[in-house]
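Scroll down for the structure; my scribbles are underneath it.
Where a number appears in this text, it was derived from the coordinates with a stated rule and is not lab data. All values reported here derive from a predicted model rather than from experimental measurement. Here Cβ is always computed from backbone atoms with ideal geometry, including for glycine, and neighbour counts include all displayed protein chains.
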Amino acid sequence: MKNKIAILAIAFSVVFAVNAQEKKIKFNKGTLKICSSKTFKIEGYNGAEVIIKSLHDKKNSFPIVTGIRNSSRSPKTTVKGVYSSSNKKNLTFTRARNLDSISTSYVFFSNREGARKKGLKRLGRKQENKDLGIYFTIEQKDGELIFKDATNGQFVMLSNESYLIKIPNSIKLNWDTSNCKKENKNKHFFYSNKTSSLSNFNGEVELTTSLSNFKLTDVTGPVSINSIGGNVTVAFDKKLPLKLYSIYSNNGFIDITMPQSSDVNVEANAAAVYSDINFKVLQDTELDGQQHMKLKLRRGKVKMKLEAGFGTVYLRKK
């Protein structure tokens, strides 16, 4: 069983040599549009550039063989049930001793020439990004900087990719893990059990997701989050909520930690609401297994609308 898991992980891994370098893009006005379900750690700062750095491990590619005919000279290992959007057939992964038995057009060999390219950079805009370990497309037009998954067809891909993105506080962030399409016929996403995060950001945030989990730390608002099955965690450590927070999660939990000195008016709908904060309860009703509450802390200046559906809302004191 362990061997099968290892082989499956190899089948879906992106294996390129990654340099610990940064890509900087001058962009301090407009909207950063992230159309990707990969894992991002985003941090706000007072600057004029969007800075991208890959966090995944340095790896070298290794021989992967697909579409091999049966051969008595070459022992093979097969992973069944892996779907290929290109040829719509099961993929066959073979470890071969004799390369004469292999269709060489399907073989990818390792590249161990890192020392030769020291001090040089790969030419070509797309190739330069790959050389930095960035495996999504980057486009800038009409006041938008767009990051988008470079995928086609209908599939789910396991991904170990993760990125650190530093963004100016002066821009708007629009983050959509469904590839920014309301009706996406070519359904695909990169699945990872890691949580994407946004921290220390003072600009406007609009976040749309299906399965991904998100954590926000010291994001002052305004914030709008729409999630179908993901969990949303919000923490105010060194800052307070200053503008509207609207969070909808149909099946996941919503967990918010804030200081007792926060100035909020909370409207919460969930299967249950838990808290250790000394709220003033303005309304408390239950209907069809749903708890609806209106809570006020201090003057209630900042509105929080929390819709957890069949999930739970947690309101914690820092």
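Listed from fewest to most Cβ neighbours within 10 Å, the set Ile51, Ile167 follows the order Ile51, Ile167.
Each label was represented as a point 7 Å from its Cα along the Cα-to-Cβ direction; for Asn28 and Lys294 these points are 4.3 nm apart. Taking other C-beta atoms within 10 Å as the exposure proxy, Val264, Val219 rank Val264, Val219 from fewest upward.
Length available on full extension from Val281 to Leu55: 0.36 nm per residue minus the Cα-Cα distance, which gives 76.9 nm. Assuming a ≥ b ≥ c are the square roots of the Cα gyration tensor eigenvalues, decide whether segment 236-318 counts as rounded (a/c under 1.5), prolate (otherwise, with a/b larger than b/c) or oblate. Cα axes put segment 236-318 in the prolate bin.
Taking the fewest neighbouring Cβ atoms within 10 Å as the starting point, the ordered list for Tyr45, Tyr163 is Tyr45, Tyr163.
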